[in-house]
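Trainee: One structure, pasted below without further comment.
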Amino acid sequence: MKTKYSLFIGGQPVAGARDAFPVIDPATGERFADCPAASPEQVDQAVAAAAEAFKSWQYSSDEERKAILHRIADAIEANADELAQIVTREQGKPLALAQMEVGGAIAWTRYTAELEIPVKVIEDSEQRLAELHHKPLGVVGSITPWNWPLMIAVWHIMPALRTGNTVVVKPSSLTPFNTLRLVELINEQVPAGVINIVTGEGGIGRAMTGHPHIRKIVFTGSTPTGQDIMRNAADNLKRLTLELGGNDAGIVLPDADLDAVAMGIFQTAFLNMGQTCAALKRLYVHESQYEALCNRLVEIAKQQNVGPGVKEGVTFGPVQNKAQFDLVSELVEDARAQGANILCGGAALPGSGYFYPPTIVADITDGTRLVDEEQFGPVLPVIRYSDIEDVIARANNNPNGLGGSVWGTDIDQARRVAARLECGTTWINNHAEVLPHCPFGGCKMSGFGVEFGEEGLLEYTQSQLLSIKRA
Ligand code: NAD
């Protein structure tokens, strides 16, 4: 794995104009490499290069772009081991999970390659032919978070390229290297300037969101940042796709078969050490099953092997960064002080890495920070309920609206409950599953717009109605 990376602007590797910044390995808490940092002028250069490339890329054929996306997928596949190593090193997740992330990046790229941009015939009459076409927007800015950094970059970049846009990418400064490498690989397959990458903080993201020549921002990250982006993007009426924070509720109905659901609940709550936007973050369990399910979750938690992601046999890695690690500790301590019962975990592991074991918190309810706020880490509050109407109201009584789930045996009943949840995706007997053909996005403070499938693809386009007079 190399430790020296460049920005890419106009097809060329470029050194950062600002001082490089350290990237921390969360398994040690120590710097392992420096990342080049772009200046606001380099953001301008990247946007100018993308705008220049757009002049011809927008007219490339569907067939050409499909073929290029498949070649990009081949390149990711050929470099899969290296990319997975980088993800584990800077993000912290166990290597097997990083390999899954790279596998997802390949699958999403291939699926997106094959998506068709539809032309809808609105009217075909003696008077006229009216067709709805979809054209690319221009320069798209992609801003990504640190939890699934490679996968999310792919989710942003591939539909943008497939529809004929050019792209400027800015990865999280906590996990920049996988995306720098990805963009280097994509650059080998596309004309100069079609994809560009800048890095850093200190106004780099804002230089993009306020840029007059960027037509759309696709952003995945926290709600406060999403709000700032929306304000800053107003001047040239940028299109926005905002995939923001979540605080997903899961409701376990009285008839749930615990043998069938306990493992799924654990896995989807603790996916990526709980650092997943649509992880199950508040678990509501009917009183008749409460203790039994808590016991099972604790059993599964205790089977996890917590350690550095690079180590063989490790199933549970560190929290990605110190701020998130401190927040998780703080929320657990607050819950403890409020009288909650910490059934397992509940204390950071000694040492300099950001290790926090899977933590199950019982005898806790709404109104506690751990329930009301997005913990985005390895701790799950389990909340008792007795009445279905009441639990639906409590699940919905949260500003976020990303995902939600219902766990039960009677699917018709589960459906009725799921239909009443205020969120972009509802799962029954599952949670946190995203698929390249299923549109995914949030409502309320979790954002707007969707990714994936045809609906996600069309968010990178401007519709144009063509009307031909016949009589
Ligand atoms: P963050 O908002 O702190 O940062 C995300 C990105 O935005 C980074 O690249 C950062 O440099 C950049 N940024 C920061 N301030 C900016 C500004 N003012 N203007 C423009 N860019 C700016 O989020 P994070 O801590 O990296 O990610 C964790 C959050 O992301 C959680 O809330 C999680 O739920 C959410 N998330 C949502 C989804 C989803 O699909 N809805 C997916 C993954 C993560």
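Trainee: So is GLY210 within 14 Å of the ligand (Cβ to nearest atom) and closer than 30 Å to THR163 by Cα or not?
Mentor: Spelling it out, GLY210 is indeed within 14 Å of the ligand (Cβ to nearest atom) and closer than 30 Å to THR163 by Cα.
Trainee: Could you go through the range 126-149 and let me know if any residue there is modelled with pLDDT of 95 or more and in a helix (DSSP H, G or I).
Mentor: yes
Trainee: What is the one condition in (1) farther than 23 Å from ASN398 by Cα; (2) more than 10 Å from the ligand (Cβ to nearest atom) that VAL252 does not satisfy?
Mentor: Status for VAL252: all satisfied but (1).
Trainee: Go through (1) part of a strand (DSSP E or B); (2) more than 9 Å from the ligand (Cβ to nearest atom); (3) touching a residue at least 60 places away in the same chain (Cβ under 8 Å) for ILE186 and report which single condition fails.
Mentor: (1)
Conditions (1) within 12 Å of the ligand (Cβ to nearest atom); (2) surrounded by 23 or more Cβ atoms within 10 Å (Cβ to Cβ), marked per residue:
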| position | (1), (2) |
| --- | --- |
| LEU132 | no, no |
| LYS135 | no, no |
| LEU150 | no, yes |
| MET158 | no, yes |
| LEU161 | no, yes |
| THR179 | yes, yes |
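Trainee: Can I ask one more? How about the range 220-249: which of its residues are within 9 Å of the ligand (Cβ to nearest atom) and in contact with a Ser or Thr (Cβ under 7 Å, 6 or more places away or on another chain)?
Mentor: If the condition is that a residue be within 9 Å of the ligand (Cβ to nearest atom) and in contact with a Ser or Thr (Cβ under 7 Å, 6 or more places away or on another chain), then THR220, ILE229, ASN232, GLU243, LEU244, GLY245, GLY246 are the ones that fit.
Trainee: Any residue at all in the range 321-331 that is at negative phi and more than 16 Å from the ligand (Cβ to nearest atom)?
Mentor: Checking the range 321-331: at least one residue is at negative phi and more than 16 Å from the ligand (Cβ to nearest atom).
Trainee: Here is a follow-up. How many residues does the range 426-461 contain that are over 16 Å from the mean Cα position of the chain (by Cα), in a loop (DSSP other than H, G, I, E, B) and aromatic (Phe, Trp, Tyr)?
Mentor: Summing the residues that are over 16 Å from the mean Cα position of the chain (by Cα), in a loop (DSSP other than H, G, I, E, B) and aromatic (Phe, Trp, Tyr) in the range 426-461 gives 1.
Trainee: In this structure, does CYS423 turn out to be under 25 Å from VAL154 (Cβ atoms), outside any helix (DSSP H, G or I) and in contact with a strand residue (DSSP E or B) (Cβ under 6 Å, 6 or more places away or on another chain)?
Mentor: Against the criterion (under 25 Å from VAL154 (Cβ atoms), outside any helix (DSSP H, G or I) and in contact with a strand residue (DSSP E or B) (Cβ under 6 Å, 6 or more places away or on another chain)), CYS423 qualifies.
Trainee: I need the strands (runs of 3 or more DSSP E) fully contained in the range 330-386, keeping only those with at least 3 residues that are buried (at least 19 other Cβ atoms within 10 Å of the Cβ).
Mentor: Strands (runs of 3 or more DSSP E) meeting the threshold: 359-362, 379-385.
Trainee: Another question about this same structure. Within the range 196-255, track down each residue that is part of a loop (DSSP other than H, G, I, E, B), polar (S, T, N, Q) and over 14 Å from MET445 (Cβ atoms).
Mentor: Hits for the range 196-255 are THR199, ASN236.
Trainee: Which one is surrounded by the fewest Cβ atoms within 10 Å (Cβ to Cβ), of the residues in the range 218-232 that are out of contact with any strand residue (DSSP E or B) (no Cβ under 6 Å at 6 or more places or on another chain) and of a type in the set (Gly, Ala, Ser)?
Mentor: SER222
Trainee: Filter the range 154-170 down to the residues that are in contact with a helix residue (DSSP H, G or I) (Cβ under 7 Å, 6 or more places away or on another chain) and either under 15 Å from VAL434 (Cβ atoms) or aromatic (Phe, Trp, Tyr) (or both) and list them by number.
Mentor: Scanning the range 154-170 gives VAL154, TRP155, MET158, PRO159.
The values are calculated or read from the model by the stated rules, or taken from the named source; none is laboratory data. Note that the coordinates shown come from a computational prediction; the quantities given were computed from them, not determined experimentally. No Cβ is skipped: glycine too gets one built from the backbone with ideal geometry, and neighbour counts run over all protein chains shown.
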